[in-house]
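Report on the structure given below.
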Amino acid sequence: MGIFKKPSLKVFGGGKKKDMPEGLWINCPSCGAMLHQLELDENLKVCHKCLHHFTLTAEERIRSVSDQGSFQEIDVKLETTDPLSFLDYGEKVKVYQQRTGLKDAMVTGRAAISGHPVLIGAMDFRFLGASMGSVVGEKITRAIEIATKERKPVILFSASGGARMHEGILSLMQMGKTSAALARHHAARLPYISVLTHPTTGGVTASFATLGDIIMAEPKCMIGFAGPRVIKETTHQNLPTGFQTAEFMMDHGLVDMIVERKDIRNRLAEILDFIAPASAAQGRQK
Ligand SMILES: [Zn+2]
């Protein structure tokens, strides 16, 4: 019982912590190293000691791979109508909008990667765990449809807790909608590269994230459908070591390659040179 009466860490170390400038030092959750925020930012938010990949915002993610100044966002103002008037969902969305400066958890637009014009999208985990509701699904679908029309490759970065429960069936239908748009893109013989980052789960894993012609993943990121606890309780079986990591998925054929964050831009450029050489020429002429 004693454990419940322990003072919280905040109260315990409160006096000392107040003297430290806030947000300057970050504890690596993987190796425990103290990392300076500036150093971490310079290193694309990867711990230099253990290579733990911290979460990137959608903006940081897009900036890290696209040619400087090439990104033009689309559908900036798309926001949810709270179609089911679900409890406090409306207010929650407003709080996250204020906190992140985004209208929802997905940022999409036109960009260039090493001269290749592409349609690019990245999920922002800060916004309600980047769950896929009607806006996230609609933005992804529109980006794919533009890419099909303009005959450009699609690159999508996933990081999501899955479907957004607050929008019920309208969330679930985004799985079918994004997949159908990708099928049409594929039928037009155009490439789609999916990049899985920590964590990619639920309805996102079960739809567009795992439909890439090429599927890339960041090291050690979690990829799965249901969480390990749910699976364990349902199947009454012990799960294998490393279950639901990028490395496990690579060994079992779900992922084509694991790429460290610092190398993703170059790897995307190499793949685009190989699978879309014409688009590079087109981009460089402009
Ligand atoms: Zn570390």
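Indicate the gyration tensor shape class of segment 124-176 (rounded, prolate or oblate), computed on the Cα atoms with a ≥ b ≥ c the square roots of the eigenvalues: a/c under 1.5 is rounded; otherwise a/b larger than b/c is prolate and the rest oblate. Oblate is the answer for segment 124-176, as a/c is 1.5 or above yet b/c matches or exceeds a/b. Computed from the Cβ-Cβ distance with R0 of 45 Å, the FRET efficiency linking GLU60 to GLN237 stands at 0.70. Taking a virtual spin label 7 Å from the Cα of CYS31 along the C-beta vector, which residues in segment 202-240 bring their backbone nitrogen under 17 Å of it? In segment 202-240, the label zone of CYS31 (backbone N under 17 Å from the point 7 Å along Cα→Cβ) covers 219-221. Using 0.36 nm per residue and subtracting the Cα-Cα separation, the extra length available between MET257 and GLU270 on full extension is 3.4 nm.
The Rg/Rh ratio of the chain, with both radii computed over alpha carbons and Rh defined as the Kirkwood radius, is 0.99.
The portion of the accessible surface of the chain made up by carbon and sulfur, rounded to a whole percent, is 57 (1.4 Å probe; DNA, RNA and ligands excluded).
Helix 134-150 versus the longest principal axis of the chain: what angle, 0 to 90°, nearest 10, using Cα atoms? Computed tilt is about 30 degrees. Packing, as the average of other Cβ atoms within 10 Å across residues, places the peptides 96-105, 25-34 in the order 96-105, 25-34, highest first. Hydrodynamic analysis of segment 60-193 uses the Kirkwood radius over alpha carbon pairs. Inserted into Stokes-Einstein at 20 °C and 1.002 mPa s, it gives a translational diffusion coefficient of 142 µm²/s. Once the Cα atoms are used to define both axes, helix 261-275 deviates from the longest principal axis of the chain by about 20 degrees.
For the chain, the longest principal axis of the Cα atoms and the long axis of helix 168-187 meet at an angle of about 40 degrees.
The values are calculated or read from the model by the stated rules, or taken from the named source; none is laboratory data. Note that the coordinates shown come from a computational prediction; the quantities given were computed from them, not determined experimentally. So basically every Cβ, Gly included, is an ideal-geometry build from the backbone, and we count neighbours across all protein chains shown. Quick note on the areas: whole protein, heavy atoms, side chains included, nothing else; ligands and nucleic acids left out. Shrake-Rupley method; radii C 1.70, N 1.55, O 1.52, S 1.80 Å.
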